[in-house]
Each structure stands twice: as structure tokens, then as C-alpha cells.
1. Can you give me the ranges of the strands (runs of 3 or more DSSP E) entirely in segment 59-105 with at least 3 residues that are not hydrophobic (A, V, I, L, M, F, W, C)?
2. Looking at Pro284, is it at pLDDT below 90 and not assigned by the TED database to the domain that holds Leu397?
3. Please work out if Thr20 is closer than 24 Å to Ala373 by Cα and either assigned to a loop (DSSP other than H, G, I, E, B) or open to solvent by 50 Å² or more (accessible area, probe 1.4 Å) (or both).
4. Answer with yes or no whether Phe375 is of a type outside the set (Ser, Thr, Tyr), crowded, with 18+ Cβ neighbours inside 10 Å and over 20 Å from the mean Cα position of the chain (by Cα).
5. Would you confirm whether or not segment 122-138 contains a residue that is over 17 Å from the mean Cα position of the chain (by Cα), modelled with pLDDT of 90 or more, at negative phi and outside the structural domain of Asn263 (by the TED database)?
6. If you take the residues in segment 379-397 that are part of a loop (DSSP other than H, G, I, E, B) and open to solvent by 10 Å² or more (accessible area, probe 1.4 Å), which one is farthest from Cys153 (Cα to Cα)?
Amino acid sequence: MAISRLVSLSQKIIKPSSPTPFSHRIHNLSLMDQMGTHSYIPFSFFYPKQDTASSLEPTKVSQILEKSLSKVLTAYYPFAGRVRDNSFVECNDMGVDLSQVRIDCPMSSIFNHPRTDIDKLIFPKDPWNLSTGSLIVAQLNHFECGGIILSACISHKVVDGYSMTNFLRDWALVARDSEAKPSPLFNGASVFQPANYSAPPQVADPSRKQNASKRYHFSASKLKALKARSQIPPTTVEAVTALLCKCANTPTFKPSLLIQAVNLQGTNNDALVPAGLVGNAILPYVASAANEEDLKWQRLIGELRERKEKVHDMLKDIKSEDILFSRVSELATQINERTSSNDFSIYRFSSLRKFPFHDINFGWGRPTRVDAATFPVNMFLLLDNQNGDGVEVLVNLEEGEMSVFESNEELLQFASPSSGL
């Protein structure tokens, strides 16, 4: 896509509408935050122009977003600060980055181009660079058709996928109702006591690769058919994850590690952390396939469930911060040792199902598409579709692997390629 079709309109630093009190100037990172990567979490939200939507006039949209972002940052005040020494956020109101561009083509036409070109167009920066400066970097993209895409990159050092989604939903809420007063919880350091020195355990960032990205849709009927194959009723995430792992490692087998994360917060009964907590509340676990027999779908489902239950049991049995630190350190060391070996293919999975992505409505309707930038590692993201009855999967693999994966007959029996709005 020719770069001449993109015109920069503005680049601004947005600061909280009210100064952060001195009593709140230090936000301590939790142990889970300290473990996390400094890269961004990059998502984009597509809002085509609606027939009755005069509200998508560019100047009005930009004013709404800037004003509401400034207001919501008073509640999410650490996001306008800077991380110091992997220990705390200095809540100094330095602000976040918001740029606006005009793209001289219809929104729908960008899907005619490679995903990497789309990423470069709609995201403000390479999201896999370290987030050592602004903790939020966002870009508002205006298209000649009147549609808009809002892309947002938020530092993984201060959010996981769940709390990122809550922030974006609160931003949208304030855009619709200027009197709204979000009340996020910034007490992660009291839930997961941080390490008291500057070298806490960290899961190492994997090496980056040039990947291709594809999107697949599992309809409600196909999910029902897939889950019906199991003797023990699997969850949707278990069934889809096991299928994707099997298809990614077929027909040529290589010993594999499957890395999944447990979301510890939410509103369900087994959530270990309050839903309103802002920060990282996830723990990874690893399932493995040492031989082709291990790739059997039913066997993968069983191991995924067993590994997840072990994480929950581990946390429930922990009685002190010292034991938590010891267990988490041990877990990080084990993952780093296993993933540093060239003897394994590594596949990462993250389920964002039941996260309120499609509730991010700034006043011009719900997004018709939620997307993420191409990951530079083997990564599968699971999201609800817009109606909530199916699953969208964002697949990121090396190009050679992708060409084999997308022709897998078992995959195509249950999932269909998805593109466009």
C-alpha cells in the first residue's frame, strides 16, 4: 500500500484532565506486573460509517476521543505515568500519545493488502518495541468512506488483556457520558506482593519472526459438532485450542510446547482476583507433545485441563508472599528453560473470550471487527464473535507453516477463513 495514501493530521500528548494527587504519585507494580514483558498489547477496532451516523464527522470524533481520554486518565492515572526500574510507575501526568491520520481509500479496501502492510498503516508504531516511554500509544484512522479505525497499544507492564479491555470500555463509557466515573482498582501489589529487589523472575521474551496472520471463524454449530467428539465434555477453549495445536503440527511432527495462560480475575465463581483490578493477573502453564501419539485431540484436552487446574490449586494453597514468590519464580524458570531449547516448536495461546471487546462503543455503535497486530511469534488468539455465539481465532505463524496450516482438512471441517468487515 503506497505510503502516500496516508496523511498525518495531528500528534498530541493527552494528559489527565485533573492532576494526580501527590498521595497517588507512586503506583507499585505487582509481582505479576514485574514478570511481564515491556512490549505493548496492540488491538484495533473497526467502526464503519452507519447510514444515520453524522457523528463520524472527523473533527467531532477527534474532539470526543481527546476529551474523554483526558477524563478517563484521571481514574486510570498510572497510565499517564512512566515505569521506573521495573518496580513502580511514577504517576507524573506526562500523558499518553494520540495521533490522527487520514487514509485516502475505503476502509474495506485495506483487506486487499498483506496483513503486515495493514499493521504499518493503522498502528502508530511497531507494537513489539519496548514500552519504555508512553504507556499508551493510540492512533485514530479516518477513511474516505467515513469509517474509522481506532488502534490502541497499551503496555503489558501495566495491563493484561482483561484489564486493557476494561480500560477501553471505560474510555468509551466516558465518551458517551461525560458524567460517568469509572472506579478501577489499582491494588495489584497488595494481591500479588512485588519482589523487593530489581531482578524479579521474568518469563523471557521469545525471539521475533516474520509471521503471516490469518483469521478463522468457528460458528456455533461447528463448535457444537467439535465438542461432541469428546468423551468428556470440553470447554470451548479446550476444544478449539487442542484442535489448533494438532493442526499446526500436522503432517510434519516436531516435539511441541503449548503455552496457555490462566486468567485469574473475572466475575466467574473460580476467579481468584476481583474483576476490577487493573494490572496483570495471569499465569502461564505449559502442555507438551513429545510424540505424535501425544497430539491426539482427546489427550491434549485432558492435559490442558490438568495443567490449568494445577495453577489454580497452587495459588489456593499459597499462604504467604514468600511462598508465592518462590512458586512463581520456579514457574518462570521452568518456562524459560523449556522455551529456550531449539528442540521444540512453541505455540502460544491466549483466550480473550468473554472479554467485553464488542462493548467498546464511543457513541457511534459497536465495532464490527476487533483485531490485533500480527504477532512475531507462533500465537493463537481466541475471541468471541460479534454475536457472542461463535469464536474468532487470529492465527500467527511463519509463512511456511501457515501455508500448510491453512490447507489442513480437519481444520477446515470446523473453521472457515474470515476476512473483511
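The values are calculated or read from the model by the stated rules, or taken from the named source; none is laboratory data. All values reported here derive from a predicted model rather than from experimental measurement. Reconstructed Cβ throughout: ideal geometry from the backbone, glycine too, with neighbour counts over all protein chains shown. The area values use the complete protein model at the heavy-atom level, side chains included, leaving out ligands, DNA and RNA. Shrake-Rupley method; radii C 1.70, N 1.55, O 1.52, S 1.80 Å.
1. Numbers: elements: 82-84, 88-90, 96-103.
Answer list for segment 59-105: 96-103.
2. Working: at pLDDT below 90: yes; not assigned by the TED database to the domain that holds Leu397: no.
No.
3. Values: closer than 24 Å to Ala373 by Cα: no; either assigned to a loop (DSSP other than H, G, I, E, B) or open to solvent by 50 Å² or more (accessible area, probe 1.4 Å) (or both): yes.
No.
4. Details: of a type outside the set (Ser, Thr, Tyr): yes; crowded, with 18+ Cβ neighbours inside 10 Å: yes; over 20 Å from the mean Cα position of the chain (by Cα): no.
Considered against the rule, which asks whether it is of a type outside the set (Ser, Thr, Tyr), crowded, with 18+ Cβ neighbours inside 10 Å and over 20 Å from the mean Cα position of the chain (by Cα), Phe375 comes out as no.
5. Yes - at least one qualifying residue is present in segment 122-138.
6. Within segment 379-397, the match that is farthest from Cys153 (Cα to Cα) is Asp389.
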